[in-house]
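Participant: Have a look at this one.
The values are calculated or read from the model by the stated rules, or taken from the named source; none is laboratory data. A quick note: this is a predicted structure, and the numbers were derived from the prediction, not measured. Counting neighbours? That spans all protein chains shown, and the Cβs are built from the backbone with ideal geometry, glycine included. We work out accessible area using only protein heavy atoms, side chains counted, and drop any ligands, DNA or RNA first. Shrake-Rupley method; radii C 1.70, N 1.55, O 1.52, S 1.80 Å.
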Amino acid sequence: MKKNHTNAIIIGSAAALIAAVVATGVVVVQSADDGKPATTAVASSVPDGDVVTDAAQEPDLEPTYDEVDTDSFTMELRTTTRQCFGSAGCNVTVEPELTYLADAESLDPDAVYEITYEIRGDESGPVIETAELTDRTSLSYTPTMVSAASSSTKVSVKITDVVTQGG
């Protein structure tokens, strides 16, 4: 009778061990060669393969870019030529140098930004020009010649409008 009781304890212990292994997902493997414990393997409760996520958890695949306006940029003029004629004044050729006030990566690379600016200092009055910014960093413009009343006349620039095309 004692043998039946021992067998029941062994069977019950084995069943409890199997239940514990299944519940925790941990299996300890004993090496038969040297009697030292081997590494522990952890069984994952996550199924193999793709895991389906809710649509609300899907990342936004469309990148977003900054909305730009006249305050998004600064512009200075670079004088490329100056020819003065004494009391008759000077002819000055200037080119715009545009700076975007945020990270250029936040501009849409597919958009064309038309930046209209007003150059002051010409004897005849303000000169209006437009430059195009493409590929975030490529500025296309036409150099502008102004007739200044004297060599001390300051030529200045102000951005008056920004229009975004495409993108």
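Participant: What trypsin sites (Lys or Arg not before Pro) does the stretch 77-160 have in DSSP loop regions with at most 13 other beta carbons within 10 Å?
Facilitator: LYS154
Participant: Ok, one more. Go through 95-102, 68-75 and give me the packing order, highest mean Cβ count within 10 Å leading.
Facilitator: Put in order of decreasing packing, that is 68-75, 95-102.
Participant: Per residue, how much accessible area does the stretch 98-167 have with a 1.4 Å probe, in Å²?
Facilitator: 56 Å²
Participant: How large a share of the accessible area of the stretch 71-143, in percent, is made up of carbon and sulfur atoms when the probe is 1.4 Å and the other protein chains stay in place?
Facilitator: Of the solvent-accessible surface of the stretch 71-143, carbon and sulfur hold 41 percent.
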